[in-house]
Every structure is written in structure tokens, then in C-alpha cells.
Amino acid sequence: MIVEKTNLKGSFIIQPRVYNDERGYFIESFNQKDFKEYTGLDISFVQDNESKSLYGVLRGLHFQTGQHAQAKLIRAIKGRIMDVIVDIRQGSDTYGQHFSIEISEENKKQLFIPRGFAHGFVVLSEEAIISYKCDNFYNKDSERGIIYNDSSLDIDWKVSRQDLIISSKDLSLPKFKNI
């Protein structure tokens, strides 16, 4: 496993080792002992989620508040996505800044997102299947979000506006300054 810090404290790019042979490949997508050794974080994931989306689907920017906040480990099982996180930790040196990375079935990269971040992604391939681990259970009452196109965040989603597919719920999210 190769672990690389991002510009946002506490978030990491995880590159698992890939073992290829004539049958295909094998990866160990998560190892708690190695994760703790490389990041210094003792994470216990309690929920795994999976989503399938078509080209241009944008999901986000989502987060949960208070005791229901979640850390996540994101990976693409199929296809390619542009994954985006925004630091919403008041008092953080990088408050209001974002980080984005292309995650794909080819590059096998994963993104670890600590609690206190908003998260979203857009599908860059014909379709994508995304898997993510969470260290806390989903709680509908603590679910919040930020509108994807907030000009103060200046996120380049890599897909033209006319090709985006966004839920009405995500289109009604507030601006960053109002969260």
C-alpha cells in the first residue's frame, strides 16, 4: 500500500498493491493494520455502500453533522469518477478549500476522507460503480450538503453543465457560506 497526503490535512490517497497474472488481478482493498501504520489513524468502518451511476451523474456535495459525521474510503470498482472533497472543519487551516482526484478501475486509487468534509463525485465514464466504507452509520436527520456549483469553491467537475445529471435534492442544496 502506498499512502500519499493530500493538501487537506487528514485526507489521503491510497494506492493498494495490485497483483496481476494470467487470471486477472488481486488487490487487498483495505487492511486496518497497514492503514493505521501509514496514516496514524485508527479507523473502524461499520458500513459499506455501493452506487451505480451513468456518465454525467453528479452526486454531492454531501456530509453528515455532529455525532453522525462520517469518515469514508472511496474506490471505483468500475469506470472513472472525479471525486471531490471540501474541508468544512471550522478552524481548519484549509477550511473552504477543496481537493479533487480521478479515481478509476484502472488506477485503483482510493481516497480517504476524514470526518468534517463534504464529498461528491461526477461520473466521467459511460457508467461507474463506486464502493465506499463509512466509519459511522447513515443518519437521515443529520444529512446536509453544499450546492455543487458554488462559485466560492470554484470546483472544476470536468463535465460540461449541459451533460450533468443532478437530483432535485442536490440542486436545492445551500451555498457553502450558508452551511
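Given region 44-147, what strands (runs of 3 or more DSSP E) lie entirely inside it while holding 3 or more residues that are in contact (Cβ under 8 Å) with a residue 12 or more places away in the chain, in contact with a strand residue (DSSP E or B) (Cβ under 8 Å, 6 or more places away or on another chain) and buried (at least 16 other Cβ atoms within 10 Å of the Cβ)? Break it down into steps so the answer makes sense when it comes.
On the way: elements: 47-54, 58-64, 72-78, 80-87, 98-104, 110-113, 117-123, 127-134, 143-145.
Fully inside region 44-147 and qualifying: 58-64, 72-78, 80-87, 98-104, 110-113, 117-123, 127-134.
Just name the residue that is farthest from Phe112 (Cα to Cα) out of those in region 4-40 that are aliphatic (A, V, I, L, M) and modelled with pLDDT of 95 or more.
From region 4-40, those aliphatic (A, V, I, L, M) are 8, 13-14, 18, 27; that's our starting set.
Restricting the remaining residues to those that are modelled with pLDDT of 95 or more gives 8, 13-14.
On the way: Leu8: 11, Ile13: 6, Ile14: 7 Å.
It comes out as Leu8.
Within the set of pairs 6 or more residues apart or between chains, which connect a residue that is within 14 Å of Leu124 (Cα to Cα) inside region 161-179 to a residue that is assigned to a loop (DSSP other than H, G, I, E, B) and among the aliphatic types (A, V, I, L, M) with Cβ atoms less than 6 Å apart?
none
Condition check ((1) more than 30 Å from Val3 (Cβ to Cβ); (2) of a type outside the set (Val, Ile, Thr)) across all residues:
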| site | (1), (2) |
| --- | --- |
| Glu105 | no, yes |
| Lys108 | no, yes |
| Ile147 | yes, no |
| Ser167 | yes, yes |
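In region 148-179, what residues are surrounded by 10 or more Cβ atoms within 10 Å (Cβ to Cβ), in a helix (DSSP H, G or I) and of a type in the set (Lys, Arg)?
Passing the criteria: only Lys169.
Would a scan of region 44-57 turn up a residue that is closer than 21 Å to Ile2 by Cα and not aromatic (Phe, Trp, Tyr)? Write out each step before concluding.
To start, the set of residues in region 44-57 that are closer than 21 Å to Ile2 by Cα comprises 44-45.
With not aromatic (Phe, Trp, Tyr) added as a condition, the list becomes 44.
The answer is yes, given that some residue of region 44-57 is closer than 21 Å to Ile2 by Cα and not aromatic (Phe, Trp, Tyr).
Which residue is farthest from Ile103 (Cα to Cα), if the candidates are limited to region 8-21 and must be within 15 Å of the chain's Cα centre (by Cα) and among the polar types (S, T, N, Q)?
Here the answer is Ser11.
List the pairs whose first member sits in region 11-23 and is part of a strand (DSSP E or B), whose second member is of a type in the set (Ser, Thr, Tyr) and surrounded by 10 or more Cβ atoms within 10 Å (Cβ to Cβ), and whose Cβ atoms are under 7 Å apart, counting only residues at least 6 apart or on separate chains?
Phe12/Thr6; Phe12/Thr39; Ile13/Thr6
The values are calculated or read from the model by the stated rules, or taken from the named source; none is laboratory data. All of these numbers come straight from a predicted model, not from anything done at the bench. Please note: Cβ atoms are built from the backbone with ideal geometry, for glycine as well, and neighbour counts cover all protein chains shown.
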